[in-house]
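Here is the structure we will look at.
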Amino acid sequence: MIAENIEQVQRRIREACFRCGRNPDDVMLVAVTKTFPSDAVREALKAGVHDFGENYVQELNEKRNEVAEPNLRWHFIGHLQTNKVKYIAEYVHLVHSVDNVRVAEELSKRAGRANRDIDILIEVHTTDEATKYGVQPEQAIDLVKAVAAYPRVRVQGLMTMGPFSDDPNDSRPSFKLVADLRRQIERENIPGVSIRHLSMGMTHDFEVAIEEGATIVRIGTAIFGERKYAG
């Protein structure tokens, strides 16, 4: 079932790209495995997915220890606290959710200790929902400049989440805003900054995100099914 779902998602990615004249190879699928077991990761790996996203550090570490595959890349997509950075700094492929200098500073310190560079995205808050994290759009460029000053941390783009809605088009203003921010940051020519990625779009709105320029889509439910939470 997971393999079939991945095939369907990839087909929808291709179709969305064709509609807006983009190359499907320019869109990365990150399978979000939050709450799903390690067997689901293995099944998705067999189906050709190599990038996996987790929201919580403890769950990410557990799955990383259980699924030891050299071609698997772990993305951290949830809110990252400074005291949790040390647990993922040695191996994380991409952190999607940096929204303050304290986390960037800690990532820089831990990356130095691990003798590696850590790629990050700046999370931008683009809705009026208080439950979502991210820097305010008008402060995003200043944050990018501040974060870029830290060694071993490489700003690779921006991330956002659209509003909770049944209508995918309700997310379009959020995605347009971040795409415009990308162009503004590129014009700044900030040393060490490459805004090559826009991480935006989930199961309910990823096709709209692709139409607005997403290079990374974060898909969980459409691949693994509805999540079952304890409680």
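Observations on the structure shown:
- Only a single item in (1) modelled with pLDDT under 95; (2) under 23 Å from Arg183 (Cβ atoms); (3) of a type in the set (A, V, I, L, M, F, W, C) is not met by Ala130, and it is number (2).
- Scanning the stretch 148-169 for residues that are touching a residue at least 24 places away in the same chain (Cβ under 8 Å), assigned to a loop (DSSP other than H, G, I, E, B) and more than 22 Å from Phe76 (Cα to Cα) yields Ser165, Asp166.
- Considered as a group, the residues in the stretch 57-82 that are exposed (fewer than 15 other Cβ atoms within 10 Å of the Cβ) and either of a type in the set (Gly, Ala, Ser) or closer than 21 Å to Ser199 by Cβ (or both) include one that is modelled with the highest pLDDT, and that residue is Gln81.
- Summed over the stretch 14-24, residues that are surrounded by 12 or more Cβ atoms within 10 Å (Cβ to Cβ) and in a helix (DSSP H, G or I) total 5.
- Yes/no for Val208 being in contact with a Gly (Cβ under 8 Å, 6 or more places away or on another chain), without any contact (Cβ under 8 Å) to a residue 60 or more places away in the chain and outside any strand (DSSP E or B): yes
- Pick from the stretch 112-126, criterion more than 18 Å from Leu143 (Cβ to Cβ) and in contact (Cβ under 8 Å) with a residue 12 or more places away in the chain, ranking: surrounded by the most Cβ atoms within 10 Å (Cβ to Cβ): Gly112
- Against the numbered list (1) in contact (Cβ under 8 Å) with a residue 40 or more places away in the chain; (2) in a loop (DSSP other than H, G, I, E, B), Gly201 comes up short only at (1).
For every residue, the table says whether it meets (1) more than 17 Å from Leu72 (Cα to Cα); (2) within 20 Å of the chain's Cα centre (by Cα).
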| position | (1), (2) |
| --- | --- |
| Ala3 | no, no |
| Val9 | yes, yes |
| Val32 | no, yes |
| Lys46 | no, no |
| His50 | no, yes |
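- Take the conditions (1) crowded, with 17+ Cβ neighbours inside 10 Å; (2) not in a strand (DSSP E or B); Arg172 misses just one of them, which is (1).
- The criterion of being exposed (fewer than 15 other Cβ atoms within 10 Å of the Cβ), in contact (Cβ under 8 Å) with a residue 60 or more places away in the chain and not aromatic (Phe, Trp, Tyr) holds for Arg227.
- Criterion applied to Val27, Val98, Val85, Val41 was being modelled with pLDDT of 95 or more, more than 27 Å from Ala140 (Cα to Cα), of a type in the set (A, V, I, L, M, F, W, C) and buried (at least 19 other Cβ atoms within 10 Å of the Cβ), and the one residue passing it is Val41.
The values are calculated or read from the model by the stated rules, or taken from the named source; none is laboratory data. It should be emphasised that the depicted structure is a prediction, and the values quoted were computed from it without experimental measurement. Using ideal geometry, Cβ is built from the backbone for each residue, glycine included, and neighbour counts are taken over all protein chains shown.
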